[in-house]
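The values are calculated or read from the model by the stated rules, or taken from the named source; none is laboratory data. Predicted, not measured: the structure shown is a model, and the values here were computed from it. When we count neighbours, we look across all protein chains shown, and the Cβ atoms used for this are built from the backbone with ideal geometry, even at glycine. The area values use the complete protein model at the heavy-atom level, side chains included, leaving out ligands, DNA and RNA. Shrake-Rupley method; radii C 1.70, N 1.55, O 1.52, S 1.80 Å.
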Amino acid sequence: MTPPADIPKHGPSVIAGVIQRLSVSQLKRHKLCPRAWFFQKVMRVPEPTTGAQQVGTEGHAQIEHFLSTGEDVLGTFARAGAHLLPTPGPDLLVEQPLNGEPPLTAGGIPFTGFIDLVDARRLASDGVLRITDHKFTSNVASNAASAEQLADADTEPGLQMVGYGAWALSQVERFPGLRTLELEHLYYQTRGQRLAASVVATVPAEHVEREWQTKVEPQVEAMKEHAQAARASDVPANYGPACGKYGGCPFMAKCLTGENKTMSLRDKLLNKAPTIDAAVERDAPELPAVLPPDAPTPTPVQAAPEVAQATEQPAPKRRGRPRKASEPEQPKGEMRVLFVDCIPTAFDGPQPESLTSYVDTMHRKVAEAGGVDDVRFAGSDSALGFGKWRGALAMAARAELPAPGSYVALGVAQSELMQVIVEALEPAFDVVVRRAM
């Protein structure tokens, strides 16, 4: 079903099960996990903004201003790649919208969004058009895509760049004689040494057309079907690495507990103020998957029979504040149970809740009290600097324990925030179960 032509350019991407507009980022989200896209665009579940996203936004704005005006306003990160940028000039297309005339479309649905840079300076002489997307990443060596990936729409980087190439091919009058596309990711490193690197896939126009028709168009048809699903559980999920990619799926807790249950604490907080995600951009290691109730039984994580017996065993003694003699015991049925880096396969009680939302809440409160966006990067002039945030975060967790119930903490070794809070909470939990190594 093709959306009517008078649909406003702003507003929900999906209305009443009908996709109104698409974007390259939507394609990437759906490719990674269709159910995550459903949560984001159909159910409109809010997401937190990460510190890494803020760095990228500022860097893009600096580069845009520099290429458009020639005025050098490049910051520390962007300046490392200045030698890889073209000479500023009015002939460069900077922040080029996809919804021009004609707009990029797939399955009859128009796209919105912007291309960072389109350089047509070699078009007249060689029939070559270069399309560039700026990427701010913590580690160029480990996070940069390959040229092969940029040319393959079955990969996330390629899905983006093939989409931009397809837009260029639709602009016949603007780019006459276009024969070859140079699809470039220009990376800027944000941690450690200041450096930049360019990765370019040089492909013929026919390659982009074929990738768009054979890979993207079928994906859009699948997205149309998924948009009409009545429940998130009716949309396929990409279990496994996708759950932990980019620091963890923001919809993990909702996918775990089911979308028809009470709104999670994380969502309630997001309706009031944005929170800071507990992981930073692509450098965050892959976390073990949090599996929803309808997921197939995972083979790598087998908690039984230990987990089955755990409900009868007291929590091991850990560092932290012990329970005072004057503190009353938890009434039966109101115990706190914590599963660390494991998922119970035999557990007498409700499905455990992810501890991620609680970690995000505590992090936000401590960060706000310290006047920083992310406690891990608190400067020396902050009360949280020099690693003091760890003690503050632990103290906040002990002062405001999670509600009685069962919780799952995954990827503890890969997340400083999760590690600090789990260590602080263990003495207060009645049962703690760890994955056997």
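Which one is farthest from Phe251 (Cα to Cα), of the residues in segment 23-44 that are of a type in the set (A, V, I, L, M) and under 13 Å from the mean Cα position of the chain (by Cα)? Spell out the reasoning first.
Initial filter on segment 23-44 (of a type in the set (A, V, I, L, M)): 24, 27, 32, 36, 42-43.
From the residues that got through so far, the ones that are under 13 Å from the mean Cα position of the chain (by Cα) too are 32, 36.
On the way: Leu32: 13, Ala36: 7 Å.
Among those that are of a type in the set (A, V, I, L, M) and under 13 Å from the mean Cα position of the chain (by Cα), it is Leu32.
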Look through segment 33-49, keep the residues that are of a type outside the set (D, E, K, R) and at pLDDT below 90, and return whichever of them is most open to solvent (accessible area, probe 1.4 Å).
Thr49
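Answer yes or no as to whether Ala397 is of a type in the set (Gly, Ala, Ser) and either at pLDDT below 75 or buried (at least 21 other Cβ atoms within 10 Å of the Cβ) (or both). Let's see the steps before the verdict.
Working: of a type in the set (Gly, Ala, Ser): yes; either at pLDDT below 75 or buried (at least 21 other Cβ atoms within 10 Å of the Cβ) (or both): yes.
Against the criterion (of a type in the set (Gly, Ala, Ser) and either at pLDDT below 75 or buried (at least 21 other Cβ atoms within 10 Å of the Cβ) (or both)), Ala397 qualifies.
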State the number of residues belonging to segment 54-68 that are touching a strand residue (DSSP E or B) at 6+ places or on another chain (Cβ under 6 Å) and either farther than 15 Å from Gly81 by Cβ or of a type in the set (Asp, Glu) (or both).
2
For segment 348-371: of the residues being open to solvent by less than 70 Å² (accessible area, probe 1.4 Å) and touching a strand residue (DSSP E or B) at 6+ places or on another chain (Cβ under 7 Å), which is modelled with the highest pLDDT?
Leu355
In segment 396-437, how many are touching a residue at least 24 places away in the same chain (Cβ under 8 Å) and part of a helix (DSSP H, G or I)?
18
Please verify whether Ile131 is farther than 25 Å from Val14 by Cα, touching a residue at least 24 places away in the same chain (Cβ under 8 Å) and part of a strand (DSSP E or B), treating the condition exactly as stated.
yes
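For the subset of segment 372-394 comprising residues that are part of a helix (DSSP H, G or I) and either among the charged types (D, E, K, R) or open to solvent by 20 Å² or more (accessible area, probe 1.4 Å) (or both), which member is farthest from Glu423 (Cα to Cα)? Don't jump to the end; show me each part of the working.
Going through segment 372-394, the residues part of a helix (DSSP H, G or I) turn out to be 375-377, 389-394.
Restricting the remaining residues to those that are either among the charged types (D, E, K, R) or open to solvent by 20 Å² or more (accessible area, probe 1.4 Å) (or both) gives 376-377, 390-392.
Values: Arg376: 17, Phe377: 21, Arg390: 11, Gly391: 11, Ala392: 13 Å.
Filtering first and then ranking leaves Phe377.
Within segment 24-37, identify whether any single residue is assigned to a loop (DSSP other than H, G, I, E, B) and either out of contact with any helix residue (DSSP H, G or I) (no Cβ under 9 Å at 6 or more places or on another chain) or free of Cβ contacts under 8 Å to residues at least 40 places away in the same chain (or both), and answer yes or no.
Of the residues in segment 24-37, the ones assigned to a loop (DSSP other than H, G, I, E, B) are 33.
Narrowing the set further to residues that are either out of contact with any helix residue (DSSP H, G or I) (no Cβ under 9 Å at 6 or more places or on another chain) or free of Cβ contacts under 8 Å to residues at least 40 places away in the same chain (or both) leaves none.
Among the residues of segment 24-37, not one is assigned to a loop (DSSP other than H, G, I, E, B) and either out of contact with any helix residue (DSSP H, G or I) (no Cβ under 9 Å at 6 or more places or on another chain) or free of Cβ contacts under 8 Å to residues at least 40 places away in the same chain (or both), which makes the answer no.
Please find, within segment 406-437, the residue that is farthest from Gly244 (Cα to Cα) out of those that are under 28 Å from the mean Cα position of the chain (by Cα) and of a type in the set (Gly, Ala, Ser). Give the steps one after another, and end with the answer.
Residues of segment 406-437 under 28 Å from the mean Cα position of the chain (by Cα): 406-425, 434-435.
Retained after the next criterion (residues that are of a type in the set (Gly, Ala, Ser)): 406, 409, 411, 413, 415, 424.
Values: Ser406: 21, Ala409: 12, Gly411: 8, Ala413: 13, Ser415: 11, Ala424: 23 Å.
Taking the candidates together, the pick is Ala424.
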Considering Ala196, Ala222, Ala230, which residue is open to solvent by 20 Å² or more (accessible area, probe 1.4 Å), of a type in the set (A, V, I, L, M, F, W, C) and without any contact (Cβ under 8 Å) to a residue 24 or more places away in the chain?
Ala230
Out of all the residues in segment 168-188, which are open to solvent by less than 20 Å² (accessible area, probe 1.4 Å) and touching a helix residue (DSSP H, G or I) at 6+ places or on another chain (Cβ under 7 Å)?
Phe175, Leu181, Leu183, His185, Leu186, Tyr187, Tyr188
